[in-house]
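Notes to accompany the following structure.
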Amino acid sequence: MILFGKSIPGPTTQAPAVPRFPRQGRRWRGVLAMTALLLAATLAPAQNAHFVVVLDAAHGGNDTGGRLNAAQQGQFLPEKTFTLAFAGRLRSLLAARGIAVTLTRDSDSASGALERAAVANHLKASACLSLHATGSGSGVHLYASSLTPGAASHLNAWKTAQAPYVQRSLALAGTLNAALGHAGVPVTLGRTALPGLDSMACPAVAVELAPLGGPKPAAITDSDYQAQVANALAAALLAWRSEAPQP
């Protein structure tokens, strides 16, 4: 960015040839350039300084999660496979919108609840979505921690680290709910106790996908339905970036 639109013009009349003047001019131009860079860094929008989304694909490794009905009758899809693929889809959408994304796992690997929380906490995530799937219910289920909101402390225990962030997590759930509703996806809101979620020191919501009911039903493995949900979640996180205070 150029803060000063014009360079400093030279004298309109010819000055005596004194070797020191050009050297001094270069020195002052260097000072002005450095000042401009410092001003640009100082005036840069704070909201762009740190915004990271963590996507936590539930289960993995020996923990297969639930069994989901696949599009082909009689076939089943492990929940761990679905959540990893959906996390990759959502990551691509967010990256295309200029949002930094980190996955708690990017392969079929096992990871404990506290390890997943440690990823989000280390990054000081602006939002974390813990992705799940189920064969029951309809639409998307959003869950915030059931912990009682508490004051922030440097000594918060792991399994209660979410307490100071509960209100912001509820606000994040509201933003997700609005975007999904706008996209025509039915939403169920709730609160629950999940060790990983409760150990996250950031706004965090568990997002559980279920088959789509209603007049236009869709299986959870339906690509168009997944795209509908993923696009709504991406739009919500884009709105969250502009609205939510950063950690």
Residue satisfying condition, being more than 22 Å from W240 (Cα to Cα), touching an Asp or Glu at 6+ places or on another chain (Cβ under 9 Å) and small (G, A, S), within set G112, G137, G196: G137
Set A218, A234: member being at pLDDT below 95 and either buried (at least 22 other Cβ atoms within 10 Å of the Cβ) or touching a Leu at 6+ places or on another chain (Cβ under 6 Å) (or both): A218
Of the criteria (1) at pLDDT 95 or above; (2) on the phi > 0 side of the Ramachandran plot, which one G74 fails: (1)
Of all residues making up segment 192-219, the number that are in a strand (DSSP E or B) and more than 17 Å from the chain's Cα centre (by Cα): 4
Residue match in segment 77-100 (condition: under 29 Å from R241 (Cβ atoms) and in a strand (DSSP E or B)): yes
Residue count, segment 102-153 (criterion: in a helix (DSSP H, G or I), at pLDDT 95 or above and surrounded by 15 or more Cβ atoms within 10 Å (Cβ to Cβ)): 7
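The values are calculated or read from the model by the stated rules, or taken from the named source; none is laboratory data. Please read all numbers here as calculations on a predicted model, not as lab measurements. A quick note on method: Cβ atoms are made from the backbone with ideal geometry, for glycine too, and the neighbour counts reach across all protein chains shown.
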